[in-house]
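A short write-up of the structure that comes next.
The values are calculated or read from the model by the stated rules, or taken from the named source; none is laboratory data. If you're wondering where the values come from, they're calculated on a predicted model, not measured in any experiment. Ideal geometry is used to build each Cβ from the backbone, glycine not excepted, and the neighbour counts take in all protein chains shown. Please note that ligands, DNA and RNA were not included when accessible areas were found on the heavy atoms of the full protein model with its side chains. Shrake-Rupley method; radii C 1.70, N 1.55, O 1.52, S 1.80 Å.
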Amino acid sequence: TARYFDTKTTEPISFFLSGLEELLSWKPDSDGDFNISAVPLAKRQPPLHSQRPRTLVCHDMRGGYLDDRFIQGSATRNPYVFYHWRYIDIFVYFSHHTVTIPPVCWTNAAHRNGVPMLGTFITESTDGGKICEAFLAGGEEAYRAVSEQLARIAQHYRFDGWLINLENVLSAAAVRNLPHFLRHLTAQVHSAVPGGLVIWYDSIVQNGLLQWQNELNGENRVFFDACDGLFTNYNWKQENLERSRELAGPRRTDVYVGVDVFGRGEVIGSGFDTNKSLRLIRQYGLSAAIFAPGWVYEHLGEENFLQNENKFWGLLAEYLPTHSICTLPLATSFSLGMGNSRFLDGKEEEAGPWYDLSVQEIQPLYPEHEGRLSTSCCLQDAWCGGSSLRVQGIIPSGKEHVATRLFSLQMPAPPKLFLTLRYKLEGPHADELSVGLELTTWDSSTCHEGNITSLPEPNGRHHPRFLPAPPPSLAKLLAVCNHGSNGWTSRCYELDLQGCSLRDLSLLVSRHQHSPQETSFTCLLGEVRVLDAASTGVSPPQVQNLAASQFWWQ
């Protein structure tokens, strides 16, 4: 059990496996159950297997299993967090241990935001060579045992597959079996994990030598053909992209072109110039694998991390196709899963740093328009959790309002929606402004607001009606209507739609009076909810078979 609990504090921790023996002898153990993800992978649009170029993020930080290993959180000041989930497709947790099982807090945060999570299977140098010979150079039962264990581990801990990274020379016998191993592993993962993935890192070539190709070509194609994708090495040029696209044919989005944010070796662009690499990759319609974006935290320091993180992802945003939410209810308090205090109902409950990615809430888009609009995380004040969303911008002269996109949506609109909002206006112009929500729908001749006789809204913009008091049946759920507290304003709205398809949810900041001057605004968002009226009256399922174990009273 030493593996499952921290030796100093006895708290449950996330763990890895070292060597072939530990992998083959692994079996489910109730002490390890803390590591099972409790959050199913949320649906999103478009799905992963659409033909759109994807973005994979590979997180490699100081050997991994840092304070993120504490399953029940820790009191870490200025921890590393990731929250640009709307912009990415796949997240890989990477370390140099043989079998990297992603810390469960990462899987929970990724899943809540609709992103699949992969672990890493790695072998390196002499020791790695011995591991590979042991399971690849013999008969098929040896490599099948490894692939079955890897699939079982992903299924048991409820993450979504593996990055396979073999960085050592292979004998002729071992490399002959390698495509069979990859094919078997991929089939096992697909059957054990719905939507599961196996991605191969560009290292070994078909004769068993370790030769990074920086492209898909005849030397590594046999491995690409045996699994779900190739993650290329980082030192490519434009002609490598051209050849990769040519050879991949209809599978070009399964080529993930590696971009090392630390810029080791000869690269096109890294750090705050990573966008140069992305621009080229997208010109060829290929997917991208962004390696070690923790550069922002490690290289620039943890003090201004959130600011630098928004800058880094803001520069890449035009090359990152975003994802839409496709199910209701949608409810979030924007919490990052960290903070300098814990807030509840707008009040500070407990001062002091904390870090627990498992409780990170659904994250929005983070739109940036140079000098006109910025969205960021505010740790100084929150409705619930550790942070709120700060939207700062300018209403230009002659304009009545500004709409800031929070979420992209893609689903049929239910006939009746309830929306709730908690916010706080700050700054010198707070009294001159009002705040609301705007829902847009996709253009359609069938879409009407209210009843069938109403006129279609111009360009599909709907402004839900303010609801001063909730209907009696929903009094409990919508208790927020008009009950502000601790400086936060709470509002409820309703919207009736017929034959519509939802497109965007935006924050609307308006001026009371027309003005020739521009007006600056700062609005903190504490919570947003979008609810389908039909399902709000349904009572939640009753908890069954509750059991508790492993108590330690303090």
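Restricting the first member to segment 287-303 and to residues that are farther than 28 Å from R252 by Cβ, and the second to residues that are of a type in the set (S, T, N, Q), the beta-carbon pairs closer than 6 Å and six or more apart or on different chains are V296/N308; L300/N308; E302/N78. Figure legend. Inter-residue proximity from segment 521-538: first residues touching a residue at least 12 places away in the same chain (Cβ under 8 Å) and crowded, with 17+ Cβ neighbours inside 10 Å, second residues β-branched (V, I, T) and not in a strand (DSSP E or B), beta-carbon distance below 7 Å, spacing 6+ or different chains. No pairs are indicated. State all residues of segment 6-38 that are within 15 Å of A134 (Cβ to Cβ) and assigned to a loop (DSSP other than H, G, I, E, B); if no residue qualifies, say none. Once the filter is applied, which keeps residues that are within 15 Å of A134 (Cβ to Cβ) and assigned to a loop (DSSP other than H, G, I, E, B), segment 6-38 yields only S18. Only residues that are over 22 Å from the mean Cα position of the chain (by Cα) and open to solvent by less than 20 Å² (accessible area, probe 1.4 Å) were counted across segment 166-204, and they come to 14. In this structure, R112 does not satisfy being touching a Lys or Arg at 6+ places or on another chain (Cβ under 9 Å), of a type in the set (K, R) and open to solvent by 40 Å² or more (accessible area, probe 1.4 Å).
Could you check segment 244-284 and list, in sequence order, the residues that are part of a loop (DSSP other than H, G, I, E, B) and either under 22 Å from the mean Cα position of the chain (by Cα) or among the small types (G, A, S) (or both)? I'd like the intermediate steps shown before the answer.
First, pick out the residues of segment 244-284 that are part of a loop (DSSP other than H, G, I, E, B): 261-270, 284.
Within segment 244-284, V261, F262, G263, G265, G269, S270 qualify.
Which residue is most open to solvent (accessible area, probe 1.4 Å), if the candidates are limited to segment 271-282 and must be touching a residue at least 24 places away in the same chain (Cβ under 8 Å) and closer than 19 Å to F231 by Cα? Only one residue fits best here, namely R279. Would you confirm whether or not segment 206-214 contains a residue that is open to solvent by 40 Å² or more (accessible area, probe 1.4 Å), outside any helix (DSSP H, G or I) and of a type in the set (F, W, Y)? Yes: one or more hits.
So that you can scan it fast, the table gives a plain yes or no per residue for (1) open to solvent by 60 Å² or more (accessible area, probe 1.4 Å); (2) touching a helix residue (DSSP H, G or I) at 6+ places or on another chain (Cβ under 8 Å):
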| residue | (1), (2) |
| --- | --- |
| L306 | no, no |
| E309 | no, yes |
| L320 | no, yes |
| L344 | yes, no |
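The listed residues are Q544, Q517, and the only one of them that is open to solvent by 100 Å² or more (accessible area, probe 1.4 Å) and either outside the structural domain of L439 (by the TED database) or under 30 Å from the mean Cα position of the chain (by Cα) (or both) turns out to be Q544.
Is it the case that segment 331-338 has a residue that's hydrophobic (A, V, I, L, M, F, W, C), in the same structural domain as S490 (by the TED database), in a loop (DSSP other than H, G, I, E, B) and touching a Phe, Trp or Tyr at 6+ places or on another chain (Cβ under 6 Å)? So far as segment 331-338 goes, yes, one or more of its residues are hydrophobic (A, V, I, L, M, F, W, C), in the same structural domain as S490 (by the TED database), in a loop (DSSP other than H, G, I, E, B) and touching a Phe, Trp or Tyr at 6+ places or on another chain (Cβ under 6 Å).
Quick check: is even one residue across segment 144-155 at pLDDT 95 or above, of a type outside the set (F, W, Y) and not in a helix (DSSP H, G or I)? No, segment 144-155 contains no residue that is at pLDDT 95 or above, of a type outside the set (F, W, Y) and not in a helix (DSSP H, G or I). Selection of segment 15-67 for residues being of a type in the set (S, T, Y), touching a residue at least 60 places away in the same chain (Cβ under 8 Å) and open to solvent by 70 Å² or more (accessible area, probe 1.4 Å) yields only S30. For segment 161-178, indicate whether the set of residues that are touching a Ser or Thr at 6+ places or on another chain (Cβ under 9 Å) and part of a helix (DSSP H, G or I) is non-empty. For segment 161-178, residues touching a Ser or Thr at 6+ places or on another chain (Cβ under 9 Å) and part of a helix (DSSP H, G or I): absent. I290 satisfies every condition listed in (1) in contact with a helix residue (DSSP H, G or I) (Cβ under 6 Å, 6 or more places away or on another chain); (2) in a strand (DSSP E or B); (3) aliphatic (A, V, I, L, M) except (1).
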